[in-house]
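Quick notes on the structure that follows.
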Amino acid sequence: MKIAVFLPKTEFTPSQQAELVKLGEVVYTPSREEMPLDKLLALAAGAEIIAPDPDVFGGFAKSRPPLMKLIESLPKLKGICLSTTSFGWIDLDYCKSRNLPVSNIPGYSREAVAEHALALLLCLAKKIIFYDRQTQRGQYKLETSSELKGKTLGIIGLGNIGSRVAEMALGIGMKVIACDRKPKQQSGVEMKTFEEVLRESDAISLHANHEDSNRNLINKDQTAKMKPGVLFVNLVDPDLVEESAMVEALKSGQVGAYAWESKNFEESSLTALDNSIGLKPFGWHTRETLVNLYQIFTDNIIAAAKGNPRNRIV
């Protein structure tokens, strides 16, 4: 059996490498850098299990076309193990049509991303990064910020990470409301409709799934329903928020401030706005998270190779 892992061998512990090599031939990429399609195809040729990471395919925004061409080139393929929780960068319908099991890595970064979301929410409320930018430019001017205690946080997507953000927000005295496409209950959280969350929240944290059906989930119609000056955090994917609508809302003050992550954020028109905080994705990248990630990833690969895939999304 050949297993193609699209990450460097050195990112796995020696014991994890030893477990994987027991399964057959295991090939790795030389680095996390983006690779041309011909080299990706050559590396994976004949593989029965692939373990892709978006970085070597060009990042989340660009990875789907080359990944799908690679999958289509593998007639013996028996399983796909993603290195991420997100699965918006793979065509699940195609995988279903070929009866290819697809696994992801759920829950590994729950604490890290939830803490990051709350940290950014505090940055927006206290204007910490705004003040830093002004100070670095020699343009410091004292302005009014706000407190979060007693304010309403709306969470869109009360899943693994959203539920932890809710716990933390309750801990600093916020009222928490949430919506989810599935029936959910959580102590201290009042479940609402999507529209009610938009209308009633002083701050919103977006935790919906990264998938095609959620593209432009937040658009001009949705920002118009929000409280004027709402704070908005998006650590899922920039594609879930229509960029032109957010730019307009930030300029008008309908949205007070917006924090978001994108691998290609320099290309966005949002970067020109002082009340927009664009960051490269790093909130998930903690020591504790990496230990969780690579162990779950290794276990998923082993399970798929043995014909008993775990953490399946297909």
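The values are calculated or read from the model by the stated rules, or taken from the named source; none is laboratory data. Source: prediction; values computed, not measured. For neighbour counting, all protein chains shown are included, and Cβ atoms are generated from backbone atoms with ideal geometry for every residue, glycine included. Accessible surface areas use protein heavy atoms only, side chains included; no ligands, DNA or RNA. Shrake-Rupley method; radii C 1.70, N 1.55, O 1.52, S 1.80 Å.
Evaluate segment 235-252: report whether one residue or more is under 23 Å from Thr84 (Cβ atoms) and out of contact with any strand residue (DSSP E or B) (no Cβ under 9 Å at 6 or more places or on another chain). First the steps, then the outcome.
The initial filter retains those residues of segment 235-252 that are under 23 Å from Thr84 (Cβ atoms), namely 235-241, 243.
From the residues that got through so far, the ones that are out of contact with any strand residue (DSSP E or B) (no Cβ under 9 Å at 6 or more places or on another chain) too are 239, 243.
There is at least one residue in segment 235-252 that is under 23 Å from Thr84 (Cβ atoms) and out of contact with any strand residue (DSSP E or B) (no Cβ under 9 Å at 6 or more places or on another chain).
Checking each residue in segment 118-127 for being open to solvent by 60 Å² or more (accessible area, probe 1.4 Å) and of a type in the set (A, V, I, L, M, F, W, C) picks out only Leu122. Are any of the residues in segment 290-309 touching a residue at least 40 places away in the same chain (Cβ under 8 Å) and among the acidic types (Asp, Glu)? Scanning segment 290-309, I find no residue that is touching a residue at least 40 places away in the same chain (Cβ under 8 Å) and among the acidic types (Asp, Glu), so the answer is no.
Somewhere in segment 12-23, is a residue open to solvent by less than 30 Å² (accessible area, probe 1.4 Å) and closer than 29 Å to Glu211 by Cα?
Here is the first cut: in segment 12-23, the ones open to solvent by less than 30 Å² (accessible area, probe 1.4 Å) are 12, 16, 20.
Filter once more, keeping what is closer than 29 Å to Glu211 by Cα: 12.
Yes, that holds for at least one residue.
Would you be able to say whether some residue in segment 49-65 is within 30 Å of Arg215 (Cα to Cα), open to solvent by less than 60 Å² (accessible area, probe 1.4 Å), more than 19 Å from the chain's Cα centre (by Cα) and of a type outside the set (Val, Ile, Thr)?
The answer is no, given that none of the residues of segment 49-65 is within 30 Å of Arg215 (Cα to Cα), open to solvent by less than 60 Å² (accessible area, probe 1.4 Å), more than 19 Å from the chain's Cα centre (by Cα) and of a type outside the set (Val, Ile, Thr).
Among the residues here, Leu290 does not qualify as in contact with a strand residue (DSSP E or B) (Cβ under 9 Å, 6 or more places away or on another chain) and surrounded by fewer than 16 Cβ atoms within 10 Å (Cβ to Cβ).
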